[in-house]
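In what follows, a single structure is set out as structure tokens and then discussed.
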Amino acid sequence: METRELRYFVAVAEELHFGRAAQRLAMAQPPLSRAIQQLERRLGVMLLHRTSRAITLTEAGAVLLREARAALDAVEAAERRTRRAAADRPGVVLATKAGASNELLSKLLDAYAAEPGAVAVEVLLCGPGEQGRLLRDGRADVALLHRPFDPTTGLDTEDLHTEQQVVVLPAGHHLANRAHISLAEVSALTDLPSPRWPRQDGSYPDGPGPQVRDHTQLTQLIALGRTCAVMPESIRTHLRDKHAIVPVPDAPAVTTVIAWPPHSRSKAVADLVRTAIRL
């Protein structure tokens with residue numbers, strides 16, 4: 001299979017509409033349809049169920065969509081990392097969720113910069129759950145992730161720090177002086193509906209809570225009394241007197257991990273990981 005065919009198939013599989021897929025690919029619809037039919041003949045399987053009203057993926061099509069995304073990510077990663085390696089001053093790109101692990105990140109960058117042979121580290125701030133994709137498509141070489149929220153399947157990882165979670169409330173809320181609170185009680189707070197984070201496709205789930213994109217926006221909405229959130233305990237260092245914190249003992253512990261692609265042979269990445277483990 002050619003990468004061109006995989007890109008064609010991914011567009012059709014994601015849009016489930018040949019017209020929209022052709023528009024997305026900036027090509028005419030007939031050659032796109034022929035390319036998908038040719039791919040099905042070569043593989044000897046049906047990838048799409050076609051009716052006059054709708055297109056759906058077959059089981060084989062769902063498998064190819066998953067594998068094609070991974071293959072195209074690998075091709076993009078190879079291109080990006082090759083260009084970076086040829087730069088006048090090669091460096092490392094570290095991805096991390098905006099507003100998360102700030103203290104650890106600061107210590108890591110300072111400690112690594114003091115190492116012999118340290119290279120420049122570009123910090124790529126991203127939204128929740130984006131770090132893994134940035135590693136897989138080559139936009140990042142190493143990342144800080146947080147289990148159980150961020151998936152680490154297919155990546156090499158080292159655990160760095162585990163902490164408990166707390167609920168962040170507006171100062172003055174009637175639960176702010178509690179010694180602790182349960183997850184069930186947090187979920188039942190009708191006056192502070194849970195925030196809604198974007199899905200991978202950019203859409204938001206339904207619900208009464210406000211839409212949020214990053215931790216800075218979230219903490220401001222909490223201070224305004226619009227929402228509350230269960231977050232790692234380290235968030236307390238970034239909050240103001242407009243917030244209150246209450247421990248949530250039954251919330252799962254959060255482990256910060258440093259992750260990188262398993263095929264990486266970068267000395268700079270290895271040195272950065274060793275520095276993180278030492279810290």
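The values are calculated or read from the model by the stated rules, or taken from the named source; none is laboratory data. Since this is a predicted model, take the numbers as computed values, not measurements. Cβ atoms come from the backbone with ideal geometry, glycine included; neighbour counts cover every protein chain shown. Keep in mind that these areas ignore ligands, DNA and RNA; they rest on the heavy atoms of the full protein, side chains included. Shrake-Rupley method; radii C 1.70, N 1.55, O 1.52, S 1.80 Å.
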Segment ALA120-ARG133, extension gain: residue separation times 0.36 nm, minus the distance between their alpha carbons: 2.5 nm
Using only the heavy atoms of the protein chains and a 1.4 Å probe, how would ARG41, ARG24, ARG178 rank by accessible area, largest first? ARG41, ARG24, ARG178
Total charge dipole magnitude, the chain, about the Cα centre, Cβ charges on Lys, Arg, Asp, Glu only, Debye to nearest 20: 780
Count charges around GLU163 for me, please; just the other residues with Cβ under 14 Å from its Cβ, Lys/Arg as +1, Asp/Glu as -1. -1
Pseudo-spin-label distance GLN164 to VAL45, built 7 Å along Cα→Cβ, given in nm, is 4.8
Mind jotting down the distance between the C-alpha centroids of segment 216-279 and segment 30-68, whole Å? 41
Projected area, mean over directions - the chain, Cα convex hull, nm²: 18.6
Among ALA120, SER33, HIS146, the residue whose Cα sits farthest towards the positive end of the charge dipole of segment 1-148, when +1 is placed on the Cβ of each Lys and Arg and -1 on the Cβ of each Asp and Glu, is SER33
Rg and Dmax [Cα atoms of segment 165-247; Å; Rg one decimal, Dmax integer]: 12.3, 39
With every protein chain left in place and a probe of 1.4 Å, what is the accessible surface of LYS267, to the nearest 10 Å²? 140
Degrees between helix 267-278 axis and first principal axis of the chain (Cα, 0 to 90, nearest 10): 30
What is the spin-label model distance, in nm, from SER33 to HIS180 if the labels are put 7 Å beyond Cα along the C-beta direction? 6.3
With a cut-off of 12 Å, note down the residues of segment 28-46 whose backbone N falls inside the zone around a label point 7 Å from the Cα of GLU15 toward its beta carbon. 28-33
Mind checking which lysines have their Cα closer than 22 Å to the Cα of LYS107? Skip sequence neighbours fewer than 8 apart in that chain. LYS97, LYS267
For the chain, find the longest principal axis of its Cα atoms and tell me its angle to the long axis of helix 3-15, 0 to 90°, nearest 10. 60
What number, rounded to the nearest 500 deg cm²/dmol, is the helix-based mean residue ellipticity at 222 nm of the chain, given -39500 (n - 2.57) per DSSP H run of at least four residues and division by all its residues? -12000 deg cm²/dmol
The chain: antiparallel DSSP beta bridges as a percent of all, rounded to 5: 70
Expected max-MSF residue from GLU67, GLU59, GLU103 in the GNM of the chain (alpha carbon, under 10 Å) is GLU59
Accessible area expressed per residue, segment 165-247, with surrounding protein chains retained (probe 1.4 Å, Å²): 56
Taking Cα atoms, the helix 102-113 axis meets the longest principal axis of the chain at an angle in degrees (rounded to 10) of 70
By accessible area (1.4 Å), largest first, TRP197, TRP260 order as TRP197, TRP260
